[in-house]
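Q: There's a structure below that I have some questions on.
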Amino acid sequence: MTAKPKAPSQPPEGVVSQYILSPDEGDPFCWERVLGRDSRYSLCGDCCGWNGSHPISEELFEALVEWYRRFCRAPEVPGLMTNLDLDWIDFPAQGLELARRLKAEVGPTAEVRYRKPMEDPNQQLEPLRYVLDDGSVVAEESEEPDEQEPWPARQIHSGGQTGADRAALDWAIACRIIHGGWCPKGRKAEDGPLAGRYQLRETESAGYRQRTKRNVLESDATLIVNLGELDGGTLETVQIARQHKKPVLVLQLDETPIQEAAVRLRTWVEANRFCSLNVAGPRESKRPGIYAATYELLERSLEPDGSLRPKEVFVWPDWALGGDDEEEA
């Protein structure tokens, strides 16, 4: 069996510089550390020019600038300080391709890495990628601390439909919990194509059953959040889980107090040590209020007793508010 390639633990012989490609606010998109000289990375590429130790082509520089400007043009998602309304499947793929091109131009005397920006909803999933000499890319351990909420499951999966599915994705993004799953071809949902910030893969079929089955089978367990009669696609999800002997928990929020339901959810996930949890339920048009109920359920599950955390209000520091600078004493 061929060993899986991985990033070197130490810079290979002959490497004199290390580059990190990653978009950030304020114009920079590339940093460099010269080995034997620099203890930290310093800016080497922004929209004003390239001053890295290795020259790059004008074509590559223009492509890097356009990629970065795409990042800058993306609007913020309301209510989320660290997320941009960007296609977070295509944008990182474009960044990785640019990292490959950078590696091809700087050659074997430099290392090139791609780092996901903090605005990427799945920044916790393989945040750092290393480009090998042959252009292939491998995940690398990041020295940055894990900012994910201390919740029992590491990943939330969903089909992306309005209602319970969408609430699970929005909650995961807000808590910086890795999200994923399958959605129908064309990113089909009742309110139109699913936004690119939701990092779901498309099935070959535009129907809902294929994505429902894949989400059940490719998750450790499934949570069903429901109001009213258990029917339609929600009932089908339960049947698929039971048919394939996959763990499933059904929470009827019109029959169980939401705090009690949140404790049941957390206890179930903790006891079974599920790594990935598929969250499903009816669409919003069929069960109005299911989105808000699902979001509150998950929010309450952050606390062992099911209580709601006080809302944190972000306060800008004085220096970030603009205005006249204070005179030095």
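The values are calculated or read from the model by the stated rules, or taken from the named source; none is laboratory data. Quick caveat: nothing in here was measured; it's all calculated off a predicted structure. FYI the Cβ positions are ideal-geometry reconstructions off the backbone, even for glycines, and counts take in every protein chain you see.
Q: Has the stretch 46-57 got at least one residue that is surrounded by fewer than 19 Cβ atoms within 10 Å (Cβ to Cβ) and of a type in the set (Ser, Thr, Tyr)?
A: yes
Q: When you go through (1) farther than 30 Å from Leu86 by Cα; (2) surrounded by 14 or more Cβ atoms within 10 Å (Cβ to Cβ); (3) at pLDDT 95 or above one by one for Val225, which number turns out not to apply?
A: The single condition Val225 does not satisfy is (1).
Q: Name the residue, out of Asp254, Asp305, Asp231, that is over 18 Å from His157 (Cβ atoms), among the acidic types (Asp, Glu) and at pLDDT below 95. I'd like the intermediate steps shown before the answer.
A: Values: Asp254 fails: at pLDDT below 95; Asp231 fails: at pLDDT below 95.
Of the residues listed, the single one that is over 18 Å from His157 (Cβ atoms), among the acidic types (Asp, Glu) and at pLDDT below 95 is Asp305.
Q: To continue, here is another question. Out of the stretch 178-229, which residues are within 13 Å of the chain's Cα centre (by Cα), closer than 24 Å to Gln252 by Cα and of a type outside the set (Gly, Ala, Ser)?
A: Passing the criteria: only His179.
Q: In the set Ala206, Ala167, which member is without any contact (Cβ under 8 Å) to a residue 24 or more places away in the chain and more than 25 Å from Gln94 (Cα to Cα)? Don't jump to the end; show me each part of the working.
A: Details: Ala167 fails: without any contact (Cβ under 8 Å) to a residue 24 or more places away in the chain.
From the options Ala206, Ala167, the qualifying one is Ala206.
Q: Confirm whether Pro108 is at pLDDT below 95, on the phi < 0 side of the Ramachandran plot and not basic (Lys, Arg).
A: On the way: at pLDDT below 95: no; on the phi < 0 side of the Ramachandran plot: yes; not basic (Lys, Arg): yes.
No, not satisfied.
Q: Testing Leu132 on (1) within 27 Å of Leu297 (Cβ to Cβ); (2) more than 18 Å from the chain's Cα centre (by Cα); (3) of a type in the set (A, V, I, L, M), one condition comes back false. Which one is that?
A: (1)
Q: Then there's this: If Leu86 passes every condition in (1) of a type in the set (A, V, I, L, M, F, W, C); (2) crowded, with 18+ Cβ neighbours inside 10 Å; (3) not in a loop (DSSP other than H, G, I, E, B) but one, which one does it miss?
A: (3)
Q: Which condition number in (1) surrounded by 15 or more Cβ atoms within 10 Å (Cβ to Cβ); (2) in contact (Cβ under 8 Å) with a residue 12 or more places away in the chain is the one that Arg69 fails?
A: The failed condition is (1).
Q: With the condition being farther than 17 Å from Met118 by Cβ and among the hydroxyl-bearing types (Ser, Thr, Tyr), I'd like the strands (runs of 3 or more DSSP E) fully within the stretch 1-80 carrying at least 1 qualifying residues.
A: Working: elements: 17-21, 28-34, 42-46.
In the stretch 1-80, the matching strands (runs of 3 or more DSSP E) lie at 17-21, 42-46.
Q: Quick one: Lys213 ticks every box in (1) in a loop (DSSP other than H, G, I, E, B); (2) crowded, with 18+ Cβ neighbours inside 10 Å bar one, so which box is it?
A: If we test Lys213 against (1) in a loop (DSSP other than H, G, I, E, B); (2) crowded, with 18+ Cβ neighbours inside 10 Å, just (1) comes out false.
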